[in-house]
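Enquirer: Sending over a structure as structure tokens; questions will come in a sec.
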Amino acid sequence: MRKINEILAVVILSLLAVLLAAVGMRLYDTYVTNKQMESEIRQQEEVLSRNREVHDRVQEMRQEIEALAGDREKLGQFLEEIRMDDAEAVPVTVMMGIDTSGMSGDRELPEEWQGVSENGTDVLEDGGVLADGTSVSENDLVSANTTCVSDNTTSVSDNMISLSDNMTSVSENDTISGNTFNMSGNDTVSGNTYSISGNSTVSGNMFSVSGNDTVSGNTFSVSGNNTISGNAFSVSDNTTISVNGISVSGNNTVSDNTLSVSGSMLDCLPKIEMVYPEITLAERRQMRSSLEETLLVNREDQACLEEQGVDFSGKKIACLGDSITAAANLEGEEGYLSYAYPAVLKELLGAEEVYNLGIGGSSIGRYWTDAFVERYTQIPEDTDIILVMGGTNDGFCLSEKEFGSLTERKPWTFCGDLDELMRGLKEKYPDADIFFVTPLPNILQDYLMRERTYLLPQKNLSDMILTLSASYDYPVIDLYNSNILDSHDADIVADYMPDGVHANKAGYRILAEHIAAELVRYYEGNE
């Protein structure tokens, strides 16, 4: 009997130990979760605090520009001083969330990176890889190497090249054929640039990235070659693939290749490619000034509206927007909302109803007040057409971190919140025609970027709106690349945009006429 009691005691103590361990694990998990939540809340509060300061600074900038609006010469000099040229704005590869600027076949390599270039001498350090088949694979970490094979007139063929965490460039050869480029069997493959560019022929090669735990933060570029054919590009059997830039572009001929991404956990891979306008704002600026463009387009818009054959009389239109939709600058005038673009839109189209859902200071994402993503459900359910015009205030907020990426689309990032907004609109208003409108280019963005170097160019937001709209099959009215009402032009500020970002009565009417004409063109083209 005593032995039985001892056994029972041991069993009970064991069960208690298991129970205590389970409770301890649960408490630990709760503690970790709470700490993560506290950290995220603290970061969000810091972002909101920073953005409130920016908002106050924007008001000061508006007043500075408005004070100069009456003197075109002084205004022009001031705008020229604060304007950032396209070359000064460092682009970010928003598709994958990493910066690949400057990574091309003719990139100048730092002196400390050693390689094989224009000679037959092998000079490699820290686990480099030679073209004779010497391999670096199945390691925990191999980093900060450069293997460069370039400017050769003979072929580079039948070699095994296996690399991880390196800068690898194979460029300016007559022929690259019969090689295997293998990045596999490593714990981590990250921070690499694999560039195969500027060659006459790239054929019969195998490019393999497989069997790794993590593949992230790499740039795989095959570009600027005359002919790419008969190659196999394989990214497969990896545990995690994220935040990579994979580019096969700028080649004369790409044919008979096999591109494979399989056998991996691909939840974090982007399902779409970036969409860019056929004619960019920079290209339009080369052709004519914004004032010239605005007057030309406005004449075309007015002619379109005079001849329109589309009946909007039974349509209800909702305009979700910010202070530009709310007719900021005109608040001091009685009945000022009658000059806002939604009210003018109703007049021009003869629509049954146009709802103005513009709130000053609001943004698409959650890092500003009255975010579109949190109030789009206020759109009346019987709306036939929804216009979403935003991004100006987002531009005043966004560092690369707040911009986010298509790979993750996290909440509290522009990419994540814009994706959530587009998805939510499609689900809640399945019968409505939904249009997105890119923001007008404004000089305040340049002014802020001079003072706050963490900010991204406004172009990044416009490109992302174009890209995600395409993935949801939403038509876009692309104001950003239209070159109309661009406050980088002193004449536009003096005549139509007195504070550099908001219009006067004439400017709002031009905006309304353009959006109305674009709607007419869309429906006439889809009848």
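Enquirer: Of the peptides 436-445, 329-338, how do they stack up when ordered by the mean number of other Cβ atoms within 10 Å, highest first?
Expert: Working: 436-445: 25.2, 329-338: 12.8.
The packing order, highest mean first, is 436-445, 329-338.
Enquirer: A further question follows. Taking a probe of 1.4 Å, how large is the accessible area per residue of the range 315-460, in Å²? Mind showing how you got there, number by number?
Expert: On the way: 5000 Å² over 146 residues.
In whole numbers, the range 315-460 has 34 Å² accessible per residue.
Enquirer: Collect residues whose amide H, placed 1.01 Å from N in the peptide plane, falls under 5 Å from the amide H of residue 386; neighbours closer than 5 in sequence don't count.
Expert: Sorted by chain and number, the residues that satisfy this are 318, 433, 434, 435.
Enquirer: Could I ask something else about it? Protein chains only, probe 1.4 Å: how do 50, 366 rank by accessible area, largest first?
Expert: On the way: 50 60, 366 40 Å².
Greatest to least solvent exposure: 50, 366.
Enquirer: Taking amide H positions as placed in the peptide plane 1.01 Å from N, state which residues far from residue 354 in sequence (5 or more) or on other chains have amide H under 5 Å from it.
Expert: So residue 354 has HN proximity to 317.
Enquirer: Tabulate in residue order the Karplus-calculated ³J(HN,Hα) for the range 504-514, using 6.51 cos²θ - 1.76 cosθ + 1.60 with θ = phi - 60°, rounded to whole Hz; enter x for Gly and Pro.
Expert: Computed from phi, the couplings for the range 504-514 are 9, 4, 5, x, 5, 5, 4, 4, 5, 5, 5 Hz.
Enquirer: For the range 326-399, give the percent of accessible area contributed by carbon and sulfur heavy atoms, probe 1.4 Å, rounded to a whole number. Write out the running numbers ahead of the final one.
Expert: On the way: 1160 of 2640 Å².
The C+S portion of the solvent-accessible surface of the range 326-399 is 44 percent.
Enquirer: Summarise the accessible area of the range 432-527 (1.4 Å probe, protein heavy atoms) by the percent that is carbon and sulfur. Provide the component values of the computation, followed by the final result.
Expert: Numbers: 1130 of 2550 Å².
Exposed carbon and sulfur together represent 44 percent of the surface.
Enquirer: Which ³J(HN,Hα) values, rounded to whole Hz and listed in residue order, are derived for the range 272-284 from phi using the Karplus coefficients 6.51, -1.76 and 1.60 in 6.51 cos²θ - 1.76 cosθ + 1.60 with θ = phi - 60°, glycine and proline given as x?
Expert: 9, 10, 5, 10, 10, x, 5, 10, 7, 4, 4, 5, 5
Enquirer: Given H placed 1.01 Å from N in the peptide plane, which residues other than close sequence neighbours of residue 364 have an amide H under 5 Å from its amide H?
Expert: Residues meeting the criterion, in which the H sits 1.01 Å from N, are 372, 391, 394.
Enquirer: Here is a follow-up. Order of 367-380, 404-417 by packing, highest average Cβ count within 10 Å first? Don't skip to the answer; put the middle values down first.
Expert: On the way: 367-380: 18.0, 404-417: 20.9.
Packing order, densest peptide first, comes out as 404-417, 367-380.
The values are calculated or read from the model by the stated rules, or taken from the named source; none is laboratory data. Keep in mind that what you see is a predicted model, and the values were worked out from it rather than measured. Counting neighbours? That spans all protein chains shown, and the Cβs are built from the backbone with ideal geometry, glycine included. What goes into the accessible areas is simple: the full protein's heavy atoms, side chains included, and nothing from ligands, DNA or RNA. Shrake-Rupley method; radii C 1.70, N 1.55, O 1.52, S 1.80 Å.
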